[in-house]
1. Among the numbered criteria (1) among the hydrophobic types (A, V, I, L, M, F, W, C); (2) part of a strand (DSSP E or B); (3) more than 17 Å from VAL45 (Cα to Cα); (4) modelled with pLDDT of 95 or more, which one does ILE80 miss?
2. Checking the structure you have, find out if any residue of the range 8-30 is modelled with pLDDT of 70 or more, under 27 Å from ILE80 (Cβ atoms) and hydrophobic (A, V, I, L, M, F, W, C).
3. Residue by residue through the range 83-95, note down the ones that are under 24 Å from GLN146 (Cβ atoms), part of a helix (DSSP H, G or I) and either touching a Gly at 6+ places or on another chain (Cβ under 9 Å) or touching a residue at least 40 places away in the same chain (Cβ under 8 Å) (or both).
4. Just name the residue that is modelled with the lowest pLDDT out of those in the range 39-60 that are of a type in the set (A, V, I, L, M), open to solvent by 70 Å² or more (accessible area, probe 1.4 Å) and within 24 Å of MET94 (Cα to Cα).
5. Can you tell me how many residues within the range 61-77 are part of a strand (DSSP E or B) and open to solvent by less than 30 Å² (accessible area, probe 1.4 Å)?
6. For the range 100-109, does any single residue satisfy the condition of being touching a residue at least 12 places away in the same chain (Cβ under 8 Å), among the aromatic types (Phe, Trp, Tyr), buried (at least 17 other Cβ atoms within 10 Å of the Cβ) and not in a helix (DSSP H, G or I)?
Amino acid sequence: MKYFIKKQWQNMLLLFFIVILLIPQLRFPIQVEAQKLLSALYSPVVILEEPLSRIDYNWSMKSSSENMVSLSNNGKPKIINLWATWCPPCVAEMPSFQKLHEDYSHKVDFVFLSQETLGTIQTFINQNNYTLPVFQQTEVLPETLQSRELPTTFIINAEGEIIVKKIGASNWNSYQVRELLDSLTTE
């Protein structure tokens, strides 16, 4: 009898979560929170043993002030994140990026690149009180930066070599990432 009651509660709980996920207004926040939990627990950033390749700086994007800008090799490491406001894993990792940006923006160039309109991007940034530098993708990215999955994040050293390519949400404010950025900025 005890087992039967426990099983009924499990089934009711499962049904409750399924119903919640079917309600559009609740689905997205639940997915974001689940991604935050999973990325904190199971998504380490893996540093490549050999750099993928050098980044091609011959491309432009539109800044939040609607100016066309180009990425340049200014001798600083870079973090380039391909993301979207409608993507739960992308939204889940933004708080960790915000914390990292607050501490490293003077040493590392951050680029958050989306294919969405600048209005959509800026509304999301403002609603969440982020200070992240966001850009609209206006042309096809170089092959080394292309990805079919969101989010995709690249960490590029001062020489322009891609040393991290991470697909999926991660905790970017981790000790491991901070240690990597510290080593890249003291070289």
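1. (3)
2. Scanning the range 8-30, I find at least one residue that is modelled with pLDDT of 70 or more, under 27 Å from ILE80 (Cβ atoms) and hydrophobic (A, V, I, L, M, F, W, C), so the answer is yes.
3. PRO88, PRO89, CYS90, VAL91, ALA92, GLU93
4. LEU41
5. 2
6. no
Quick grid of which residues meet (1) closer than 25 Å to ARG54 by Cα; (2) of a type outside the set (Phe, Trp, Tyr); (3) open to solvent by 50 Å² or more (accessible area, probe 1.4 Å):
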| position | (1), (2), (3) |
| --- | --- |
| ILE125 | no, yes, no |
| ASN157 | yes, yes, no |
| GLY168 | yes, yes, no |
| GLU179 | yes, yes, yes |
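The values are calculated or read from the model by the stated rules, or taken from the named source; none is laboratory data. This structure is a prediction, so every number in the text was calculated from the model and none was measured. Methodologically, a virtual Cβ is constructed for each residue, glycine included, from the backbone with ideal geometry; neighbour enumeration extends over all protein chains shown. Please note that ligands, DNA and RNA were not included when accessible areas were found on the heavy atoms of the full protein model with its side chains. Shrake-Rupley method; radii C 1.70, N 1.55, O 1.52, S 1.80 Å.
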